[in-house]
Amino acid sequence: MGLEALLIEKTIIVVIVFIVTLTIAAYSTYGERKVAAFIQDRIGPNKAGPYGLMQPLADGIKMLMKEDFVPQQANKFLFHIAPGLSMLTALMVSAVIPWGKTIIIGGRSIPIQVTDINIGILYVLSVVSLGVYGVMIGGWASNNKYSLMGALRASSQMISYELPMGLSLIALLMVTGTMSFSEIAAQQSGWNGMQWNIIYQPIGFVLFLICAFAEANRTPFDLPECEAELVGGYHTEYSSMKLGFFLFAEYAHMFVSSAIISTLYFGGYNFPGINTLYEMLPHNIVTLIGVGVLMIKTLFFIFLFMWVRWTIPRFRYDQLMNLGWKRLVPIAIANIIITAGVVLLFDK
Amino acid sequence: MAEYSLSNRKVMVSNKEMTFTEKLYLPAILKGMGVTLNHFFGKKVTFIHGKDIRNYSSTYRGLHVLKRDDEGRERCVACGLCAVACPAEAITMVAAERQPGEEHLYREEKYAAIYEINMLRCIFCGLCEQACPKEAIYLTDRLVDVELTRKDFIYGKDKLVEKMDDRIDISNRQHH
């Protein structure tokens, strides 16, 4: 009985998370075009449906109708699985994010999280580092110089920026003392939902944010695509829905990254006054409000991703490596030492 | 040296080291994000296709017209100056002599029997208008229609000469 109920509720949560991630990723493409337009004093897509809201659907149909071209010299098998691999790794990360506290149905307390593994942060780091395979394999299988250049850049960039990302997370771990996402989120409900980790780890947050940009291949770290010099980088040879999957994976990645940033540093589903509200209103309603709050935080970070993209140009390759190895890594290590000292002194 | 610059725009290149704040990148990035956020909420310049109509300049150079005079006689004398002036070789014509009894049709003894402008060659520079000694040809604010074949873009007198009951106002172009 217990196992069956568990299976059913997990299946439902998985399906909902999947659908929500894909929907938000789809509408991020619309959002990106709107944000780009607004920043450039334009109004963006406005023809498909009211305010152009059907644009993602139109784009999807367009992608599907295009010729699905495979270069003759390409490695067929790798060429076909690369976009799927990109998408898979982007979506897999969403499994450990706690979207809300718990929902009580018939006396059962169900956490709104696909799986609460006690090494959640380790899981995220490992899956994120798998993300480079989609890009790398895609670029390699295309048998095209531009694609290979893009893939090379992507892999070196992602490997370089995983290091400061991991180091900034170590400092966070010292403060939280746990690797489980649900516990990290629960800890931040202190002070009536205001005890967010950003207060303890401001430098760590900035480091993590910068690395998240690099991991998602977003400007100023979009060298792998680099349409101005590499004709699109690793997806030069891709067309139709395979290209769509690569682009879509980027937005799914953005959404998941934003959700992780919100959970780790900005209190997750907690909001000021959450504990008072739990005493006043029914449990489930407050939990749903918490889910909404997490969504708002996530959407803000997605907006931040776009905002930055349309503000600054991309780094040169040597600047990128300089920033990663000579600046971010030392700062991250210094951050760890300072955090360790403070934790030792005050025994938080 | 900068003080010898004639245009006053000469700038010496400097390879100075970046300051600590500049090396951090973040202050500059935040400043830039402030600029883009201002634009985000700023006024949009888009003309919505099919809803807003852009105003033409009063001297817009569009489809040509061959004018008639006040009594409805064609002004063109087929002198060929417009064809000579045309940098795109878009204008051709065949001259003819006015016969007795045609004085109400043509203003002077000579007129253009055939007058053709190839709208695909035309670059709408307005030199034909400037070359014309008889104030016969003008560019207007009208647009060239969409056609399906190339030969339909060669406009003859049937399309160029203004209709008696539908005179074209070119007063905006006479001021300059």
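Where does the charge balance sit around A:Ser86 when Lys and Arg score +1, Asp and Glu -1, over other residues with C-beta under 13 Å from its C-beta?
-2
Please find the FRET efficiency linking B:Lys110 to B:Ile48, where r is the Cβ-Cβ separation and R0 is fixed at 45 Å, and quote it to the nearest 0.05.
My answer for the efficiency is 0.35.
Return a whole-number percent for the relative contact order of chain A, with Cα pairs under 8 Å and 6 or more residues apart as the contact set.
24
Contour minus end-to-end for B:Lys31 and B:Leu120, with contour as 0.36 nm per residue of separation and end-to-end as the Cα-Cα distance?
27.1 nm
Each label point is 7 Å from the Cα along the Cα-to-Cβ direction; what then is the distance between the points at A:Ile81 and A:Ile312, in nm?
Calculated label separation equals 3.7 nm.
Go through B:Lys110/B:Lys163; B:Lys51/B:Lys159; A:Lys47/B:Lys44; A:Lys47/A:Lys242 and tell me which ones have a Cα-Cα distance over 24 Å in this structure.
B:Lys51/B:Lys159; A:Lys47/A:Lys242
Provide, in order from the shortest bin, the percent of all Cα-Cα pairs of the stretch A:69-346 in each 5 Å bin, continuing until the bin that contains the maximum pair distance.
P(r) for the stretch A:69-346, in whole percents per bin: 1, 6, 12, 16, 17, 15, 12, 9, 6, 4, 2, 1, 0, 0.
Run through the stretch A:231-338 and list the trypsin sites (Lys or Arg not before Pro) located in a DSSP loop whose Cβ has at most 16 other Cβ atoms within 10 Å.
A:Arg316
If I take R0 = 45 Å and measure r between the Cβ atoms of A:Leu281 and A:Leu53 in this structure, what FRET efficiency does the formula 1/(1 + (r/R0)^6) give, to the nearest 0.05?
Efficiency for this residue pair is about 0.90.
Apply 1/(1 + (r/R0)^6) to the Cβ-Cβ distance of B:Glu17 and B:Val144, taking R0 = 56 Å, and write down the FRET efficiency to the nearest 0.05.
0.40
Would you work out which of A:Phe271, A:Ala259, A:Phe301 lies farthest towards the positive end of the dipole of chain A, given +1 charges on the beta-carbon of Lys and Arg and -1 on that of Asp and Glu, about the Cα centre?
A:Phe301
Given +1 on the Cβ of Lys and Arg, -1 on the Cβ of Asp and Glu, and no further charges, what dipole in debye does the stretch A:1-82 carry about its Cα centre, rounded to the nearest 20?
280
Is any residue of the stretch A:113-151 close enough, with backbone N under 18 Å, to a label point placed 7 angstrom from the Cα of A:Met321 along the Cα-Cβ axis, and if so, which?
Counting only backbone N, you get A:148-151.
I want the antiparallel fraction of DSSP beta bridges within the stretch B:64-174, as a percent rounded to 5.
Of all bridge pairs located within the stretch B:64-174, approximately 90 percent are antiparallel.
In terms of modelled amide H atoms, which long-range or inter-chain residues lie less than 5 Å from the amide H of B:Ala95?
Close amide H contacts, sequence-distant or interchain: B:Ala113.
Would you kindly derive the ³J(HN,Hα) couplings of the stretch A:316-330 from the backbone phi angles with the Karplus curve 6.51 cos²θ - 1.76 cosθ + 1.60 (θ = phi - 60°), listing them in order in whole Hz, with x for Gly and Pro?
Per residue, the Karplus-derived 3J(HN,Hα) values read 6, 4, 5, 5, 4, 5, 4, 4, x, 8, 8, 10, 5, 5, x Hz.
Quick check on the protein assembly as shown: what does the Kirkwood estimate of hydrodynamic radius come out to from the alpha carbon pairs, in Å?
Value: 28.6 Å, from the Cα pair sum.
Can you give the Rg to Rh ratio of the stretch A:286-348, both from alpha-carbon atoms, with Rh computed by the Kirkwood formula?
With Rg and the Kirkwood Rh in hand, the quotient comes to 1.18.
Please give the average number of partner chain Cβ atoms lying within 10 Å of the Cβ of each residue in B:38-47, rounded to a whole number.
Partner Cβ neighbours, averaged per residue: 4.
Please work out the Cα center distance from the stretch A:317-344 to the stretch A:226-299, rounded to the nearest Å.
Answer, in whole Å: 26.
Show that you can apply the helix-only estimate: for the protein assembly as shown, add -39,500 (n - 2.57) for every DSSP H stretch of four or more residues, divide by all residues, and state [θ] at 222 nm to the nearest 500.
-16500 deg cm²/dmol
For chain B, find the longest principal axis of its Cα atoms and tell me its angle to the long axis of helix B:26-40, 0 to 90°, nearest 10.
The two axes meet at around 30 degrees.
Roughly how many whole Å is it from the C-alpha centroid of the stretch B:117-155 to that of the stretch A:72-100?
Going from one Cα centre to the other spans 57 Å.
Values quoted throughout were computed directly from the atomic coordinates according to the rules given, and no laboratory measurement underlies them. On a predicted model such as this, the values are computed, not experimentally measured, just so you know. FYI the Cβ positions are ideal-geometry reconstructions off the backbone, even for glycines, and counts take in every protein chain you see.
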